[in-house]
1. Somewhere in segment A:20-28, is a residue in contact with a strand residue (DSSP E or B) (Cβ under 9 Å, 6 or more places away or on another chain), of a type in the set (Gly, Ala, Ser), under 21 Å from residue B:107 (Cα atoms) and touching a residue at least 40 places away in the same chain (Cβ under 8 Å)?
2. Residue A:86 - would you say it is in contact (Cβ under 8 Å) with a residue 60 or more places away in the chain, among the hydroxyl-bearing types (Ser, Thr, Tyr) and facing another protein chain (nearest Cβ under 10 Å)?
3. Does residue A:49 fit the bill of being acidic (Asp, Glu) and either modelled with pLDDT under 95 or in the same structural domain as residue A:170 (by TED's automatic domain parsing) (or both)?
4. Within segment A:255-279, how many residues turn out to be under 24 Å from residue A:318 (Cβ atoms) and either surrounded by 22 or more Cβ atoms within 10 Å (Cβ to Cβ) or of a type in the set (Lys, Arg) (or both)?
5. Being out of contact with any strand residue (DSSP E or B) (no Cβ under 8 Å at 6 or more places or on another chain) and crowded, with 19+ Cβ neighbours inside 10 Å is the filter here, so list the residues in segment A:105-133 that pass it.
6. Can you pull out every residue in segment A:273-309 that is part of a loop (DSSP other than H, G, I, E, B), more than 18 Å from the chain's Cα centre (by Cα) and of a type in the set (Asp, Glu)?
7. Just to be sure I understand, how many residues within segment A:44-73 are part of a strand (DSSP E or B), buried (at least 24 other Cβ atoms within 10 Å of the Cβ) and out of contact with any helix residue (DSSP H, G or I) (no Cβ under 8 Å at 6 or more places or on another chain)?
8. So residue B:98 fits all but one of (1) under 30 Å from residue B:279 (Cα atoms); (2) within 12 Å of chain A (Cβ to nearest Cβ); what number is the exception?
Number of protein chains: 2
Amino acid sequence: MLLRDLGEAELLRRLAAYAPPGQLDDDAAILRPSGDASLVVNTDLLVEELHFSDATMGPEDVGWRAAAANLSDLAAMGCGPVVGITVGLVAPADTAWAWVEGVYAGLSSALGHYGGQLLGGDCSGGRQRMLAITALGRLGAGAIRRGDGRAGDWLVSTGPHGLSRLGLALLQQELPAPQAMGLGETLRQQAIEAHRRPRPRLDAVETLAHCQPPGSPWRVGGTDSSDGLAAAVAHLAGGAGCVAELNRGALPIPTELAQLPQGEGWCLAGGEDFELVLALEPAWGEALVAALPGCQRIGRLIPANGGAAAGSLLWQGSVEPVAGSRGYSHF
Amino acid sequence: MLLRDLGEAELLRRLAAYAPPGQLDDDAAILRPSGDASLVVNTDLLVEELHFSDATMGPEDVGWRAAAANLSDLAAMGCGPVVGITVGLVAPADTAWAWVEGVYAGLSSALGHYGGQLLGGDCSGGRQRMLAITALGRLGAGAIRRGDGRAGDWLVSTGPHGLSRLGLALLQQELPAPQAMGLGETLRQQAIEAHRRPRPRLDAVETLAHCQPPGSPWRVGGTDSSDGLAAAVAHLAGGAGCVAELNRGALPIPTELAQLPQGEGWCLAGGEDFELVLALEPAWGEALVAALPGCQRIGRLIPANGGAAAGSLLWQGSVEPVAGSRGYSHF
């Protein structure tokens, strides 16, 4: 059986058997589940051709994006302060120092912005450029877990989706010229920025804590949308043993993008938007939407009885399933 | 300027500019320099063709070795308990699941032996198989630092060197048959085991702490010999601003191996023996040699005045420099 035939989801399921039960269920791992200063650790890979290419990203973008993707997993776990990162760099011997320098400048720039230091790392030759980043952070007010949603929760997105995929399409000149030209200059710039310089939503974690309704215990279901909005929602629904009901009229998609035929698909499954997708009791969800600009309710969790299995996504008021919840496979 | 022309040492020197001063000087990074429970983090890469190949290692060996190399860096930093590892796995889509399964079985087996859990990780496709492991541990009695040696210290090795390189030579049938046949079966098995299943010397760290002379403060210069014995000694000498004087008659080399023409070279620069090389005040060194089987004094640190520069290695009673202190370059 080859990895190609196994698929990424099944591979991850099998690898989870080597860790304590539930250990690999979340965006990152908590080292010490108790105490205010719990450390959180996360490792992410960026492989040339699969995650970046010279055609669409400069080396500083690669570095920024590598750090940002990892910090986004820390945010998705509920981290406040970032401790730092270690960097494993694989590069063929004919790689220019200037490229490496640019990558580290991008990494540093992200750390300068979000906190944390370069803690250590390793370098090696190899056939293909690759970055393996491990990020360490400390939990803020509480942990955010994929499995902590409950039926009745609001599903909330901290920002727009589909922009990163649009940015990639623009950089790869994938869109027919009239379509691309029909988009405003501001949106185009925003989309390219979203693709090259994604922003981990550590700020949203802070606002989330401020919005906790008095008297409510800390319970936040959540993940980031690095693998796509629909995949994130499916994780929350599956973790809660629920079905997710999405409001098709309230997708977190910029108006202009919604007018493209690809718009809805990119919003749901484009990936790499690095927003947080949360399952919150309605009062908390409402408070967060009011406090955090760009944050909106996108649906709710409902019990998984009847026809739809736990982890599935339906459009509100319909029995039609939502496409795109499988996420991207890297094999 | 390409990485090939820059060289690994200069690359690491340049990358250190992106971290706080001194941050990248040691085998691993201490997260919180104070307190008993300081966390230590280390990232290592294993790249197919450079660090392992199907010709000389099965998948379980690859997994064991990947974990062991990382845990060795934790030992070299003075760690006691291992917290765990994260694993970044890159593998082409046509990789057999059985290979991945073997690697994880090897990783688990090492963790079962030395402690710690699989904490998390990431998987991706790619052109070449690669493992990026980040290990986390907690400091034991005190930190071991490359720069903490002083003139007058004993240089001590916790075990034999050259075995892993001999094992590789045997597996690659690099030795002429009469030479290989001249070695005893026990040594050959030991050498192959040393190459495929290296042992991180966490046990030696424990013995080291028990041997601390009453009234002496904690001060231990040290590193592991993953890049070769001479390179390890050069790091200790350089970090202490000293010259290392090695006793050519007391190299930590198995007798039979010493009789091969390659023996001394492999002992000094074969690499991947994963022993600890320590700089200790003489009383502490003597106590450790007495307490730890296989541990021996190999030389001492002397002031760097006169002709020899700090970080250089001389044979005791001679002005001849010791070869092999540059270590292995992975580019």
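1. There is at least one residue in segment A:20-28 that is in contact with a strand residue (DSSP E or B) (Cβ under 9 Å, 6 or more places away or on another chain), of a type in the set (Gly, Ala, Ser), under 21 Å from residue B:107 (Cα atoms) and touching a residue at least 40 places away in the same chain (Cβ under 8 Å).
2. It is false that residue A:86 is in contact (Cβ under 8 Å) with a residue 60 or more places away in the chain, among the hydroxyl-bearing types (Ser, Thr, Tyr) and facing another protein chain (nearest Cβ under 10 Å).
3. When the stated conditions are applied, residue A:49 passes them.
4. Adding up the residues that qualify gives 9.
5. Correct list: A:106, A:110.
6. A:281 - this is the single residue of segment A:273-309 that is part of a loop (DSSP other than H, G, I, E, B), more than 18 Å from the chain's Cα centre (by Cα) and of a type in the set (Asp, Glu).
7. Of the residues in that region, 1 qualify.
8. Among (1) under 30 Å from residue B:279 (Cα atoms); (2) within 12 Å of chain A (Cβ to nearest Cβ), the lone unmet condition for residue B:98 is (1).
The values are calculated or read from the model by the stated rules, or taken from the named source; none is laboratory data. Computed from a prediction, not measured in an experiment: that's the story for all the values here. Here the Cβ is made from the backbone with ideal geometry for all residues, glycine too, and neighbour counts use every protein chain on show.
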